[in-house]
Amino acid sequence: MKRQKDVQQPFIYITLFRSKDKVVLSLKMLLIRLKITKTAELEQPTSAQIVASIDDLLIEILLCLPIRSLLCFKTVSKRWLSLITNPQFSVLRHPYPNPAIGLFLPSTSVSSKPEFDYVHFDSQNPIKPPFKELKFTKDPSGISILQSCNGLLLCSSSRWRQAKRNYYVYNPTTKHYTALPKSVLGTENSKIHAISLAFDPAKSPHYKVVCVRDSVSSPQHYQIEIYSSETGPWRFSGGPFIADVNFYNGIYWNGSIHWISTSGNLTSLCYNLDLESLGVMPMPPLPDDQETTITYFGESCDHLHLIKISYPRVRFDVYEMKRDYSEWFVKYKVDLEHLATPFPSMINSYLDPDELHYYDFTMSSLVRGRREEDAFLVLAISSDCKSLRYNLLSKTYEKLHDDEGADEQFYFFGAAGAFEYIESLCCV
């Protein structure tokens, strides 16, 4: 009877300890029991040994832990390391879109290599910035971030001549990286216009990289190359094509890379990675009598958003694309005029109120969470070096960063210069 009671005890741990902190505590107690058992060299297996010997049960416990704890528990044994680093475990760990917890922003500090500042979204529980400078490999020109996609960063060496650049995929959580092989069209006569990362850990542990560059065979045309971490080298995809979009800010959503034009006549282009085909998506209507600019285009938690600004700049709609690409619909209606009272510096008083840039702020990111009420904008007031979290439903705000001694240009980066930090165990 005593042995039966021991066997059931771990299941009591799993039932009672609901919060992540208590799961970590119970797992540490399990490790202590294992150590005591090994020291005593007991003949009969204890409850701790039984739990630790059943992979399925141990995986269920590990899946409840925060990622930072999992990184520590990888050192327990080779078996635990194997379980936690298994690509299938990463897929199970992210069955739903994982919300971002912070932003990487290019720093304007004087340095020979690119540096980054970090803004954490939870001001009550700050963490140590993951990095100031990317040093995962020795690149003499330093390393820049090109894109963030579901926990992985697409990076490149900071060289002016694009044909000589090196490209990397980096996981800032695990600190692991891979260097991408040289392109098929690695030539001075074929300029790279865009390189975009496509990664969805809920679907696959593998990622793809899409490169848009000049066509060698057809002047003034583009050509797509694609690289897969599963199948290997770069290869051509489709034939030469013509497009009128901004290739710099490619967004991965719904199995496709999306590009849009950000001014003038709004146009779009999307590349479906499964079908390897190009297409277009509808764009929101533009008013005929007002100057309009796209100030945000991005994805968060499997939702594609677009914000277009006209007069007055503090009142605008946030659009979301339907999954079948049938239309953009208004997801949120935003009015930021009341923020001018607590933050008067967001007004450029030397300008006429009718001018587009009378209100001085930048939208760095739109972040969705697991709950509808978790959605918020990250706003930057460059003149005050302040970063705000503005809840899109409650209309409340809180300061995320306040550095009065910082360079005033520091936060003048839009969405294209801000990169989300999403914790992930995925392999590269």
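For the residue pairs K203/K399; K182/K322; K138/K208; K113/K333; K175/K308, the C-alpha atoms sit more than 31 angstrom apart in K203/K399; K182/K322; K113/K333; K175/K308.
How much accessible area per residue does the stretch 143-273 have, counting only protein heavy atoms and a probe of 1.4 Å, in square angstrom? Please list the in-between numbers first.
Numbers: 5620 Å² over 131 residues.
Normalised by residue count, the accessible surface of the stretch 143-273 is 43 Å².
Derived scalar couplings between HN and Hα for the stretch 229-244 equal 5, 8, 9, x, x, 5, 8, 5, 9, x, x, x, 8, 10, 8, 10 Hz in order, rounded to whole Hz, by the Karplus curve 6.51 cos²θ - 1.76 cosθ + 1.60 (θ = phi - 60°), x for Gly and Pro. What the phi angles of the stretch 124-140 give under the Karplus curve with 6.51, -1.76 and 1.60, with θ = phi - 60°, is a coupling list of 7, 10, x, 10, 5, x, x, 6, 9, 9, 7, 10, 5, 8, 7, 10, x Hz, glycine and proline written as x.
Going by accessible surface with a 1.4 Å probe and the largest first, E225, E230 read E230, E225. If you take the beta carbon distance between T137 and D302 as r and set R0 to 35 Å, what does 1/(1 + (r/R0)^6) give as a FRET efficiency, to the nearest 0.05? For R0 = 35 Å, the calculated efficiency reads 0.65.
The values are calculated or read from the model by the stated rules, or taken from the named source; none is laboratory data. Predicted model only: the values in this text are computed from it and were never measured. Neighbour counts run over all protein chains shown; Cβ positions are idealised from the backbone, glycine included. Protein only, heavy atoms only, side chains kept; ligands, DNA and RNA dropped before computing areas. Shrake-Rupley method; radii C 1.70, N 1.55, O 1.52, S 1.80 Å.
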